[in-house]
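Report on one structure; see the data block that follows.
Read the figures in this text as sums done on the coordinates, not as results from a lab. On a predicted model such as this, the values are computed, not experimentally measured, just so you know. Every residue, glycine among them, receives a Cβ derived from its backbone with ideal geometry; neighbour counts consider all protein chains shown.
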């Protein structure tokens, strides 16, 4: 979460530790407005067109990093094709079959926000960890919990910030409303993880 959504301007103490991938991707931003961020091949085409030509030489080495909901919507749009070659294979989700748009694989990243996507080379993302890592443990016998504290220094940067495209304003959940009922609580959540009422 910190590596992707970290922001030193955040009110959350944990996320304010460092700037993550989204905040650092500032050179090329594909901002989708109201109604234009619905997941389709045109979203990925626009992201590719935001990338400078010199980085598009080896497109198969690049990746679209998206939220799981965006990946699901893309797979659904591919599965809707009436072809036994591509549509059916995507629908049954054969393990070796990745979502590929215009020659670039699309990978779902669990903690990527639904509204964002990043296009870059995986090797362009550099994550550094200091070798000195400290692990401390403690037990709270009354609460029956084991407390583990990991202390480490790390940072993340793009080697070439010019080779990164950030998409904002994506709406993979535009056509659905999810409701979660919590046991013995009156909290109702929707559309998909945004609290709308809680008593």
Two pseudo-spin positions, 7 Å from Cα along C-beta at residue 111 and at residue 130, lie apart in nanometres by 2.0 nm
Peptides ranked, highest mean first, by Cβ atoms within 10 Å: ranges 123-130, 140-147: 123-130, 140-147
For 14, 158, which order do you get if you count the other beta carbons within 10 Å of each Cβ and list the fewest first? 14, 158
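Pull out the extension gain between residue 9 and residue 121, defined as 0.36 nm times the separation in residues minus the alpha carbon to alpha carbon distance; nm, one decimal.
My answer for the length gained is 37.7 nm.
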Quick one: length gained pulling residue 49 to residue 155 fully straight, 0.36 nm per residue minus the C-alpha distance? 35.2 nm
Treat each spin label as a single point 7 Å out from the Cα along the C-beta direction, and report the residue 38 to residue 58 distance in nm. 3.7 nm
